[in-house]
1. For residue 210 and residue 343 in one chain, what is 0.36 nm times their gap in residues minus the Cα-Cα distance, to one decimal in nm?
2. Using only Cα atoms, locate the centre of region 67-102 and the centre of region 277-336, then give the distance between them in Å, rounded to an integer.
3. Restricting attention to the alpha-carbon atoms of the chain, what are Rg (one decimal) and Dmax (integer), both in Å?
4. Among the DSSP beta bridges whose two residues both lie in the chain, what percent are antiparallel, rounded to the nearest 5?
5. Grab the DSSP H runs of the chain that are 4 residues or longer, score each as -39,500 (n - 2.57), total them, divide by all residues and round the 222 nm result to the nearest 500 deg cm²/dmol.
6. Among 232, 187, 121, which one shows the biggest mean-square fluctuation in a GNM of the chain, springs joining Cα atoms closer than 10 Å?
7. For the chain, modelled as a GNM with alpha-carbon contacts under 10 angstrom, which of 95, 312, 64 fluctuates the most?
8. Can you tell me, using C-alpha contacts under 8 Å and at least 6 residues apart, the relative contact order of region 220-375 as a whole percent?
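Each reported figure results from applying straightforward, stated rules to the coordinates on display, with no laboratory input. Since this is a predicted model, take the numbers as computed values, not measurements. When we count neighbours, we look across all protein chains shown, and the Cβ atoms used for this are built from the backbone with ideal geometry, even at glycine.
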Ligand code: EPU
C-alpha cells in the first residue's frame with residue numbers, strides 16, 4: 001500500500017488547475033444507462049471512483065472509452081442489470097445505477113453497500129422514492145431487488161435532502177409514465193449538472209437546484225455531449241492548503257459561485273480571498289482566527305470540507321467549534337490530528353478545537369477520502385515529517401494530488417509499498 005510523505009512548514013505558492021467534479025461525474029456516468037447513443041462526457045477527473053464506475057458500467061455491458069479526461073459511454077447493448085457486492089462495497093455511489101437500470105429495463109439488482117467510515121448511510125430514502133413510483137422493492141440476500149414493468153410518475157417527499165437519492169429518483173423519473181415531483185430535494189450543483197446533461201439527452205426536468213424538482217417522463221433518451229462542472233471540494237481543499245501554510249494559492253478553472261459559504265468562512269478565518277468568475281486566490285494570514293463551522297446541505301458549508309477546515313482550525317488563534325450535521329460519525333480524523341499535536345475534544349456532533357501554535361509531523365492513517373485530505377493539510381503545515389498510510393482513500397477523489405501540491409512548492413512524495 002502506498003504512503004504519502006510530507007515534510008511540512010513550506011508556504012504553498014502558485015497556481016493549480018481544478019479538475020471535474022467527481023460527485024457530478026459519477027451520476028452523469030450512471031445516467032448513460034437510461035438510453036442508447038454516445039454519451040460524450042468531458043472534464044472527467046481521473047480518480048479511482050471514476051475507474052470503479054467505469055468497471056461497473058463495463059460489467060453491465062456499457063461500452064466505455066476513456067481518452068484523457070474525455071469519456072465516451074454507450075449503453076445501447078446492456079446485458080446485465082445486477083451490480084455485485086465486490087464493486088458496490090468499494091464505492092457506495094454504485095447505488096446510482098439502481099434508478100436508471102430499473103427505469104429502462106424494468107428490473108435491477110444492486111448490492112447493499114455495507115459499512116462506511118463516515119456514518120451509517122442507509123439508502124432507505126432511495127428505495128422509498130422508487131416505491132412511490134410503483135417499484136416493487138425487496139431486500140434479499142444482501143441485495144436490493146427492484147422490479148417495475150414501467151415506473152409511473154408520483155410525488156416524493158424526502159424526509160431529508162439526500163444528494164444521491166435525489167439523483168437516483170430524478171434519473172428514474174425521466175423514463176416514468178407521467179409527471180414526478182420531488183420535494184425537499186437536495187440542491188447541490190452536482191444535481192443541477194446531472195439535470196443539464198439529462199435535458200440535453202431529451203429529458204424534461206424543471207427546478208433542479210431548488211428544493212422542488214418536477215420531471216415529465218419521456219419514452220426514451222438519446223446520446224449527448226457534456227462537460228462536467230469543476231470540483232468545488234478539490235478547489236476548497238487547495239484554498240485551505242494556501243490558508244494553513246500562510247501561502248498564496250490561486251485555483252483556476254473552478255466555479256467561485258459554488259464556493260459561497262466556504263469562501264465567506266475562510267474570510268472569517270482571516271484568509272484574504274480574491275474572486276474571479278472562474279478562479280479564486282487565497283492568501284493565508286500570519287495567524288488564523290478561530291471560527292464556528294456547521295456542516296449543512298448546499299448551499300451550507302459542505303461536510304466534504306469539514307475535515308479540511310478542522311485541520312486549519314487546529315492552528316487558529318482561539319477556540320473553534322466544528323459541528324457535523326450531515327453524517328453521524330465523520331470525526332475519524334480527530335485522533336490522527338491529535339497525534340500531530342492538535343488539541344481537540346469531541347462532544348457528540350461537535351468538535352471543540354483549541355488552536356495550538358504549531359503541529360508536529362507524525363505517522364497517521366487515512367480513514368476516508370476527506371479525512372485524508374484533512375491530514376494532508378495538517379502535514380503541509382506541521383513541523384517535520386508526516387507519513388500518511390492508506391493513501392487509496394485519497395486516490396478515490398483527488399487527481400494528481402502529490403504533483404499538484406509539489407507544483408505549489410509542497411514537499412510531498414508518494415512512497416510505494418507496505419507501511
Ligand atoms: N440518508 C438517509 N437515507 C438515505 C439517504 C441518505 O438517512 O436513503 C442520510 C445519510 O445517512 C446522511 C444524509 O442523509 O446522514 C445525507 O446523505 P446523502 O444521501 O446526501 O449523501 P450521499 O448522497 O450518500 C453524497 C456525496 C458525499 C457527500 C454527501 C453529502 C456522492 C457520490 N457522494 O453522498 O460525498 O458527503 O452527498 O454532501 O455524491 C465524498 O465525496 O467524499 C462524499 C462522501
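1. Additional length available on full extension: 44.0 nm.
2. With region 67-102 and region 277-336 each reduced to a Cα centre, they are spaced 33 Å.
3. Rg and Dmax of the chain, Cα atoms, are 21.3, 63 Å.
4. Of all bridge pairs located within the chain, approximately 70 percent are antiparallel.
5. -8500 deg cm²/dmol
6. It is 121.
7. 64
8. Value for region 220-375: 19 percent.
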